[in-house]
Amino acid sequence: MSDRLPDGTYRGWADLLAARLAARVEELPGSPSGPEGPLTGPGAGATGPEAHEGFRYANLAVRGKLIGQIASEQVDVAAAMGADLVTLVGGLNDTLRPKCDMGRVRGLLEESVGKLAPSCGRLVLMRSPGRQGPVMERYRARMEHLFTFIDELAERHGATVVDLYTGGTLADQRLWADDRLHLTDEGHRRVAEAVWQALGHPATSDWRTPLPPGVTPSWLARRRADLRFTREHLVPWIGRRLTGRSSGDGRAPKRPELTALACEDSP
């Protein structure tokens, strides 16, 4: 979300990472086959390149999904792909709901990781970034509870954890879109770089570098931004919560099947 391309479609950190991995595979001796491929996105994804197909990539993620939906709709599909690399990011949307059963969230995450870890070459989990601001403070304890459990799961199952939460840089409000829930294009670029480095690849930039000092908006500008956010994003979000709807209802994954991805074909 919020990394919009000129044609109106969304890209995001998962596609950015997939493009870089595809380029790396093509550069390896013996291409088109290569040693890894990603399943990436805020939900679950998978890859599993074969010699005749080169790098393959799937992205099963759908905006707004809760961990129960990820576990029931995406995890089994991803596990069946036999991917070299899988990323699973889930549970955070649950913590932002007014009522959240953390015991259920933990149980579903444990079940999901238990299915994915044995089925793929490498599983990547994430401590997601948190934006600065008073609203986030209300849910911070739940988020940290979730991240502690993710660390425990990773240790038990040999998964890699990408820690975007404690670095601080991604908390900068300038890296978050107007909806205050999704990163900007620069934020997505930094997440892709963080995962790239966690996979053991050489850094191309320092994703933790703070943004340069900026001009603090005036009180009036901040209030106008708050009103715009409330009208365009907060009120619809509350409405969906009250009616049990999600922004992802009716939406299909962008890459539901493991298909070839050449680096020059990626967004």
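The values are calculated or read from the model by the stated rules, or taken from the named source; none is laboratory data. Every value quoted in this text rests on a predicted model; they were computed, and no experiment measured them. Glycine gets a Cβ as well: all are built from the backbone with ideal geometry, and neighbour counts include every protein chain shown. Side chains included, ligands, DNA and RNA excluded: accessible areas come from the protein's heavy atoms. Shrake-Rupley method; radii C 1.70, N 1.55, O 1.52, S 1.80 Å.
Name the residue that is least open to solvent (accessible area, probe 1.4 Å), counting only residues in segment 179-189 that are farther than 14 Å from Asp206 by Cβ and not in a loop (DSSP other than H, G, I, E, B). Here the answer is Gly187. When Ala192, Ala221 are checked against the criterion of being in a helix (DSSP H, G or I), touching a residue at least 60 places away in the same chain (Cβ under 8 Å) and either open to solvent by less than 70 Å² (accessible area, probe 1.4 Å) or charged (D, E, K, R) (or both), a single residue qualifies: Ala192.
Filtered by the rule that a residue be among the charged types (D, E, K, R) and either assigned to a loop (DSSP other than H, G, I, E, B) or surrounded by fewer than 16 Cβ atoms within 10 Å (Cβ to Cβ) (or both), segment 116-157 gives Arg131, Glu137, Arg138, Arg140, Glu144, Asp151, Glu152, Glu155, Arg156.
Among the residues of segment 232-251, just one is open to solvent by 70 Å² or more (accessible area, probe 1.4 Å) and either modelled with pLDDT of 85 or more or on the phi > 0 side of the Ramachandran plot (or both), namely Gly250.
This table checks each residue for (1) under 18 Å from Gln74 (Cα atoms); (2) among the charged types (D, E, K, R).
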site	(1), (2)
Arg104	yes, yes
Gly107	yes, no
Glu111	yes, yes
Ser119	yes, no
Arg131	no, yes
Arg142	no, yes
Ile150	no, no
Thr160	no, no
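If you filter segment 97-115 down to residues that are surrounded by fewer than 17 Cβ atoms within 10 Å (Cβ to Cβ) and outside any helix (DSSP H, G or I), you find that the one that is modelled with the lowest pLDDT is Pro98. Condition (residue is in a helix (DSSP H, G or I), open to solvent by 30 Å² or more (accessible area, probe 1.4 Å), in contact (Cβ under 8 Å) with a residue 60 or more places away in the chain and out of contact with any Lys or Arg (no Cβ under 6 Å at 6 or more places or on another chain)) applied to segment 197-205: is it met by at least one residue? Looking for residues that are in a helix (DSSP H, G or I), open to solvent by 30 Å² or more (accessible area, probe 1.4 Å), in contact (Cβ under 8 Å) with a residue 60 or more places away in the chain and out of contact with any Lys or Arg (no Cβ under 6 Å at 6 or more places or on another chain), one finds at least one in segment 197-205, hence yes.
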